[in-house]
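Can you read through this structure? Questions will come right after.
The values are calculated or read from the model by the stated rules, or taken from the named source; none is laboratory data. In this text the structure is predicted, and so the values were computed from the model without any measurement. Methodologically, a virtual Cβ is constructed for each residue, glycine included, from the backbone with ideal geometry; neighbour enumeration extends over all protein chains shown. To get the accessible areas, we keep the full protein, side chains included, count just its heavy atoms, and leave off ligands, DNA and RNA. Shrake-Rupley method; radii C 1.70, N 1.55, O 1.52, S 1.80 Å.
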Amino acid sequence: SVSDTIKRCRRINPTALDEDLIPIELNTSLLEEIRNSQINEIMFTSGFGKNNAFKLFYCDMLDKKITKEIKEARTVLLSNEVFGRAVRLTILYSPSGSSNVGISKSKLYLSKKSQYSYSKTPVVDFKVDYYREMFQ
């Protein structure tokens, strides 16, 4: 399933950037949909910045605080109390082109950088491999 944490919004500027969004209504119906499903992992394609999916879901919809450990691990396991079973929340690196600079400085990319030395677009190739691995 694919969904969005924002149901209705306005845009400050006509861009695709999350920072240019003004959320008007969050998609809180997701909580009941997840509760009534067999979902055991939720993957977010944006993380900790302004209006990013994980932050809106975790902080605004679940009323929880993002810790240093969550930022470092890019994952958190919700207890049974939230959805009636444990559900893993995984924050993926953003697929957007604007994320390339940040990804190029990430520990994970730097640890695998030599694998992409042949490439004209090493960060893009890293992201393709990363997403393939995450969705296996």
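Students sometimes get this wrong: rank L108, L78, L31 by accessible area, probe 1.4 Å, all chains present, largest first.
Details: L108 60, L78 5, L31 30 Å².
In descending accessible area the options line up as L108, L31, L78.
Here's another thing I want to ask about it. Measure nothing but the geometry: give the 0 to 90° angle between the long axis through the Cα atoms of 122-134 and the longest principal axis through the Cα atoms of the chain, rounded to 10°.
40
Oh, and also: For K68, what accessible area in Å² do you get when you roll a 1.4 Å probe over the heavy atoms of the protein chains, rounding to the nearest 10?
K68 exposes around 140 Å² with every protein chain in place.
Sorted by accessible area with a 1.4 angstrom probe, largest first, how do Y93, Y118 fall? Intermediate results must be reported in sequence, preceding the final value.
Numbers: Y93 35, Y118 160 Å².
Putting Y93, Y118 in descending order of accessible area: Y118, Y93.
Then there's this: Limiting things to C-alpha atoms, what are the Rg and the maximum Cα-Cα separation (Dmax) for the chain, in angstroms?
In order Rg, Dmax, the Cα atoms of the chain give 16.1, 48 Å.
While we're looking at this one, here's another question. Can you find, among L17, I91, P122, the residue farthest towards the positive end of the dipole of the chain? Put +1 on the C-beta of Lys and Arg, -1 on that of Asp and Glu.
P122
For R85 and R35 in the same chain, what is the full-extension length gain: residue separation times 0.36 nm, less their Cα-Cα distance, in nm? Don't jump to the answer; show the numbers that get you there.
Numbers: separation 50, 0.36 × 50 = 18.00 nm, distance 0.85 nm.
Extending this stretch completely gives an extra 17.1 nm.
OK, next. Could you report the accessible area of S98 in Å², rounded to 10, computed with a 1.4 Å probe on the protein chains as they sit in the structure?
Estimated to the nearest 10 Å², S98 gives 90 Å².
Given a 1.4 Å probe and the protein chains all in place, what does the accessible area of L110 round to, in Å² to the nearest 10?
My reading of the accessible area for L110 is about 90 Å².
Please arrange V2, V87, V124 by accessible surface area, largest first, computed with a 1.4 Å probe and ligands excluded.
Details: V2 140, V87 0, V124 65 Å².
Largest to smallest exposure gives the sequence V2, V124, V87.
Right, next: Could you work out [θ]222 nm for the chain from helices alone, using -39500 (n - 2.57) per DSSP H run of at least four and dividing by all its residues? Round to the nearest 500 deg cm²/dmol.
Working: 6 runs with 41 residues, N = 136.
Using -39500 (n - 2.57) per qualifying helix, the result is -7500 deg cm²/dmol.
Under 8 Å for C-alpha pairs, at least 6 residues apart: give me the relative contact order for the chain, rounded to a whole percent. Present the calculation step by step, with values, prior to reporting the outcome.
Working: 151 pairs, mean separation 23.8, N = 136.
In percent, rounded to a whole number, it is 17.
Here is a follow-up. Which value, in debye to the nearest 20, gives the size of the charge dipole of the chain about its Cα centre, when Lys and Arg are +1 and Asp and Glu are -1 at the Cβ?
Details: 21 positive and 16 negative charges, 90 e Å.
With only Lys, Arg, Asp and Glu charged at Cβ, the dipole is about 440 debye.
Restricting to bridges with both residues inside the chain, how much of the DSSP beta-bridge set is antiparallel, in percent to the nearest 5? Display every interim value, and only then the final one.
Numbers: 9 of 13 bridges.
Roughly 70 percent of the beta bridges in the chain run antiparallel, per DSSP.
Multiply the residue separation of E133 and R10 by 0.36 nm, subtract the distance between their alpha-carbon atoms, and state the gained length in nm to one decimal. All intermediate terms of the calculation are to be shown ahead of the outcome.
On the way: separation 123, 0.36 × 123 = 44.28 nm, distance 3.44 nm.
Full-extension gain reported as 40.8 nm.
Quote to one decimal, in nm, the extra length available between K112 and D125 on full extension: 0.36 nm per residue of separation minus the C-alpha distance between them. Before the final figure, lay out the partial values.
Values: separation 13, 0.36 × 13 = 4.68 nm, distance 1.11 nm.
Between K112 and D125, full extension yields an extra 3.6 nm.
For F48, project a label point 7 Å along Cα to C-beta. Then give me every residue of segment 96-130 with its amide nitrogen under 17 Å of that point.
Flagged as within label range: 99-110.
Could you state the accessible area per residue of segment 1-70 in Å², with a 1.4 Å probe and every protein chain left in place? Intermediate values should be presented prior to the final figure.
On the way: 4600 Å² over 70 residues.
About 66 Å² of surface per residue is accessible.
Give me the percent of the accessible area of the chain that comes from carbon and sulfur atoms, probe 1.4 Å, all protein chains in place. Don't skip to the end; give the middle numbers.
Working: 4470 of 8810 Å².
Result for the chain: 51 percent of the exposed heavy-atom area is carbon or sulfur.
For segment 75-136, what does the accessible surface come to per residue with a 1.4 Å probe? Please give it in Å².
Details: 3860 Å² over 62 residues.
That works out to 62 Å² for each residue.
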